[in-house]
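Data block below; observations after.
The values are calculated or read from the model by the stated rules, or taken from the named source; none is laboratory data. Please read these numbers as outputs of a predicted model, since none were measured by experiment. Here the Cβ positions follow ideal geometry from the backbone for every residue, glycine too, while neighbour counts run over all protein chains shown. The accessibility values were calculated without ligands, DNA or RNA, using every heavy atom of the protein model including side chains. Shrake-Rupley method; radii C 1.70, N 1.55, O 1.52, S 1.80 Å.
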Amino acid sequence: MLDMRRTGGGVGAELRGVDVRHLDAAGFAALHAAWVAHGVLLLRAQTLDDAALIGFSRRFGALDLAPVQETGRRFVPGYPELYVVSNVVENGAPIGSLGAGEAVWHTDMSYLPAPPMASLLYALEVPPSGGDTWFCDMHAALDRLPAALRARAAGHSVKHDGTYNSGGYVRQGVTPTDDPRQSPGAVHPLICRHPDSLRPMLYLGRRRNAYVVGLPLEESEALLDALWAGIDAPEISYRHRWQVGDLVLWDNRSTMHRRDAFDAASRRVMHRTQVKGAAPPAAA
Ligand code: OGA
Ligand code: MN
């Protein structure tokens, strides 16, 4: 029997008393079911080196290679699956991505046709304050839409921008544009079904340069602004205050996340893996 409790926020659960390095098949099945049911799963006090983080992540499925860092560098030598989220600068070069500023609400890599199904983020060094990560539940976000707004959204698809990452940095090899109609990205249905649970959810990805395909730009902007207006509601979100050793895994279809800024003079080092996913199917 797993010791599972709600996070106290609007999404997510904490699983206690588990060392993910030593989980048998039944234990992993229960953890997996909890991750699907709760969207965000927190496991504190883990002791994972890179190989162990990758090994545990692989139990969810094949891993994506990490996206190239903002400087064009790949990450940890020997571990192409590992993405480093950090503000630390060594020998004049950042060791990771996203700096110390805010990272705005987003779903990881939804600018690809088949975004990752899960992301696993492990805290190696955390600042004394700031740098909290917030999660929100996109099933609840859909449920809370006023009926008229939901009807306006139904049947539409959104182009998810591939120009900027959540820290506002331009992605490797992309010529920046701020015209949402011209920017590169993948198109996904605005209201999707969760591929595992089949529950309907809102799928927004990120706000900047998003475009509701086929609408005049002003109408697209107005619809997206209306849909985004409910995302900050405390009832559907959870604020995670990091401790060293925290492992947080999120369902990268049914949740979005953002990160608070923190003091650039302090150190924050996180290692992330991502599990391959499939294109999210449209709701019927
Ligand atoms: C990520 C991400 C935010 C954070 O790893 O995908 O958005 O809190 N991280 O570091
Ligand atoms: Mn992210």
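Computed quantities for the displayed model
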quantity	calculated
Test for A222: is it under 30 Å from F262 (Cα atoms) and out of contact with any Leu (no Cβ under 6 Å at 6 or more places or on another chain)	no
Residue in the range 144-153 that is touching a strand residue (DSSP E or B) at 6+ places or on another chain (Cβ under 8 Å) and within 16 Å of ligand 2 (Cβ to nearest atom) present	no
Qualifying positions in the range 92-131 - more than 30 Å from V158 (Cβ to Cβ) and in contact with a helix residue (DSSP H, G or I) (Cβ under 8 Å, 6 or more places away or on another chain)	Y122
Cross-chain or 6+ apart pairs with Cβ under 7 Å, the range 161-190 first and open to solvent by 70 Å² or more (accessible area, probe 1.4 Å), then charged (D, E, K, R)	Y169/E70; V187/K159
Of all residues in the range 112-151 being open to solvent by less than 10 Å² (accessible area, probe 1.4 Å) and over 18 Å from G12 (Cα atoms), the one that is farthest from ligand 1 (Cβ to nearest atom)	P115
Residue in the range 1-46 that is modelled with the lowest pLDDT, counting only those that are among the acidic types (D, E) and surrounded by fewer than 17 Cβ atoms within 10 Å (Cβ to Cβ)	D3
A151, sole failed condition from (1) at pLDDT below 95; (2) in a helix (DSSP H, G or I); (3) of a type in the set (G, A, S)	(1)
Filter result (under 30 Å from A282 (Cβ atoms) and of a type in the set (G, A, S)) within the range 63-116	A66, A103, S110, A114
Members of the range 160-185 found to be under 13 Å from T107 (Cα atoms), modelled with pLDDT of 90 or more and not in a loop (DSSP other than H, G, I, E, B), listed by number	H160, D161
Neighbours by Cβ (under 9 Å, 6+ apart or cross-chain): first from the range 255-275, under 14 Å from V126 (Cα atoms); second of a type in the set (D, E) and in a loop (DSSP other than H, G, I, E, B)	R259/E102; R259/D132; D260/E102; D260/D132; A261/E102; F262/D132
Residues of the range 62-111 classified as assigned to a strand (DSSP E or B) and either more than 10 Å from ligand 1 (Cβ to nearest atom) or surrounded by 18 or more Cβ atoms within 10 Å (Cβ to Cβ) (or both), total	14
Residue within the range 47-56 that is crowded, with 17+ Cβ neighbours inside 10 Å and either assigned to a loop (DSSP other than H, G, I, E, B) or aromatic (F, W, Y) (or both) present	yes
Evaluation of D196 against (1) surrounded by 17 or more Cβ atoms within 10 Å (Cβ to Cβ); (2) of a type outside the set (K, R); (3) closer than 22 Å to A279 by Cα (one fails), failing number	(1)
Flag for W35 being closer than 29 Å to P281 by Cα, in contact (Cβ under 8 Å) with a residue 40 or more places away in the chain, touching a strand residue (DSSP E or B) at 6+ places or on another chain (Cβ under 8 Å) and in a helix (DSSP H, G or I)	yes
